[in-house]
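Student: Got a structure for you, written out below as structure tokens; questions coming shortly.
The values are calculated or read from the model by the stated rules, or taken from the named source; none is laboratory data. Predicted model only: the values in this text are computed from it and were never measured. Because the Cβ atoms are built from the backbone with ideal geometry, glycine has one as well, and the counts that use them run over all protein chains shown.
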Amino acid sequence: MDWMDGLRARAKAAGLAGGNVEWRERKGGLPALVLTVVSDPRPLNLKSEPANRPSRVQVDAWAASWGAAEALASAAIAALEGAGTFYGVHFGRAVVLDPGVVDRGENTETGFVHRASCDLQIWHD
């Protein structure tokens with residue numbers, strides 16, 4: 001399992017958004033959690049690629065109200081920030097990047113949908 005599959009499995013196992021956790025696009029109804037890789041640098045040293053690296057992941061928590069979206073984003077941070085080995089992937093401690101959780105809600109064809117968004121720097125092997 002690669003780190004992306006491991007991160008999604010970790011979020012689903014935590015029961016986030018009732019298991020409605022996807023990469024890149026929202027599927028199904030609300031609530032939903034969408035993960036998007038913002039950057040995935042592969043730093044090199046003089047000998048080889050290091051075993052661990054930081055990836056920036058945007059976490060979008062979608063819900064029918066701002067309170068529910070913000071609570072889902074907070075639960076996602078709590079579930080994903082701890083270090084450990086999950087589903088065969090070693091994760092270091094994740095860090096919430098500035099500015100923290102922001103409101104990125106939007107009007108849709110069916111009405112306003114609330115989206116609490118934050119970026120995490122996630123270290124993984």
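Student: Inspect segment 73-89 for any residue being farther than 21 Å from Gly6 by Cα, surrounded by 12 or more Cβ atoms within 10 Å (Cβ to Cβ) and modelled with pLDDT of 95 or more and give the result as yes or no.
Tutor: Checked against the condition, which is being farther than 21 Å from Gly6 by Cα, surrounded by 12 or more Cβ atoms within 10 Å (Cβ to Cβ) and modelled with pLDDT of 95 or more, segment 73-89 yields no hits at all.
Student: For residues in segment 23-46 being charged (D, E, K, R) and farther than 18 Å from Ala64 by Cα, which is modelled with the lowest pLDDT?
Tutor: Result: Arg42.
Student: Could you list, in sequence order, the residues of segment 1-38 that are of a type in the set (Val, Ile, Thr) and either within 23 Å of Asp125 (Cβ to Cβ) or in a loop (DSSP other than H, G, I, E, B) (or both)?
Tutor: Within segment 1-38, Val21, Thr36, Val37, Val38 qualify.
Student: Which members of segment 84-119 meet the condition of being part of a strand (DSSP E or B) and among the small types (Gly, Ala, Ser)?
Tutor: Gly84, Gly111, Ala116, Ser117 - these are the residues of segment 84-119 that are part of a strand (DSSP E or B) and among the small types (Gly, Ala, Ser).
Student: Still on this structure, I have one more. Just to be sure before I move on: is Ala76 over 16 Å from Gln121 (Cβ atoms), in contact (Cβ under 8 Å) with a residue 24 or more places away in the chain and either among the small types (Gly, Ala, Ser) or in a strand (DSSP E or B) (or both) in the structure I sent?
Tutor: No: the conditions fail for Ala76.
Student: Residues of segment 5-22 being of a type outside the set (Gly, Ala, Ser) and out of contact with any Asp or Glu (no Cβ under 9 Å at 6 or more places or on another chain), which ones?
Tutor: Asp5, Leu7, Arg10, Lys12, Leu16, Asn20, Val21, Glu22
Student: Do we find that Arg53 is at pLDDT below 95, exposed (fewer than 14 other Cβ atoms within 10 Å of the Cβ) and within 20 Å of Gln121 (Cα to Cα) in this structure?
Tutor: No.
Student: Now, a different point. Counting only residues that are among the charged types (D, E, K, R) and either out of contact with any strand residue (DSSP E or B) (no Cβ under 7 Å at 6 or more places or on another chain) or modelled with pLDDT of 95 or more (or both), which one in segment 94-125 is nearest to Met4 (Cα to Cα)?
Tutor: Of everything passing the filter in segment 94-125, Asp119 is nearest to Met4 (Cα to Cα).
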